[in-house]
Each structure stands twice: as C-alpha cells, then as structure tokens.
1. Below 8 Å between Cα atoms, with a sequence gap of 6+, how large is the relative contact order for the chain in percent?
2. Along Cα→Cβ, 7 Å out, is where each label goes; now give me the distance between the ones at R2 and V23 in nm to one decimal.
3. Please arrange V40, V27 by how many other C-beta atoms lie within 10 Å of their C-beta, fewest to most.
4. Figure the gain on full extension for L54 and F31 (residue separation times 0.36 nm, minus the Cα-Cα span) and round it to one decimal in nm.
Amino acid sequence: MRRALLYHGSLVVCGFVLAAVSVPSLVAGEFSVSGVLMAVGGVGMILASGYEQLANDDPAVPETPGLVLVAVFAALALLAWGLSLL
C-alpha cells in the first residue's frame with residue numbers, strides 16, 4: 001500500500017508541476033500548443049493517479065527501479081519549479 005501511495009503521489013506531484021509551469025502563460029492570454037498540452041497533461045496525470053489510488057484496492061505499481069525513478073523525478077521537478085519562482 002505504501003509503495004502504491006508513493007508511486008501515485010509522485011505522479012500527482014509531476015502532474016502538478018506540469019500544470020503549474022503552464023498556467024501563468026495561459027492566464028496571461030498567451031496560448032500555445034505546448035502550454036495547453038502541458039496544462040491538460042498535468043491535470044490528466046493528477047486525475048488519473050488520484051482515481052487509480054482511490055478506486056482500486058490494489059493499485060498497479062511498477063517494480064522497484066521504476067518506483068525509485070518516478071519518486072526522484074517528482075522531487076527534482078518540484079525543486080526545479082520552486083527554484084524557478086525565485
């Protein structure tokens with residue numbers, strides 16, 4: 001259960017970062033294909049991961065190397081997004 005929560009939580013963080021990076025340009029009225037796709041993809045990752053975690057008793061989780069890579073990427077993406085705000 002904790003492995004599944006770590007995996008899906010990491011995917012939610014990655015989706016949040018994708019959406020958060022694209023939202024300022026969309027709010028400013030600068031619509032581009034990449035900005036819209038990042039926002040839609042980020043929200044889709046958040047919704048899909050949340051649904052998978054909440055709806056299934058035994059959610060799918062990759063083996064250990066995949067789990068570690070997703071968790072590390074999520075932490076680095078969140079750190080990079082936080083530093084870009086400074």
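1. Normalised by residue count, the contact order of the chain is 44 percent.
2. Placing both labels 7 Å beyond Cα along the Cβ direction yields 3.1 nm.
3. V27, V40
4. Length difference between fully extended and current span is 5.0 nm.
Coordinate-derived values only; no laboratory data. All figures in this text were calculated on a predicted structure; none of them were measured in a lab. Reconstructed Cβ throughout: ideal geometry from the backbone, glycine too, with neighbour counts over all protein chains shown.
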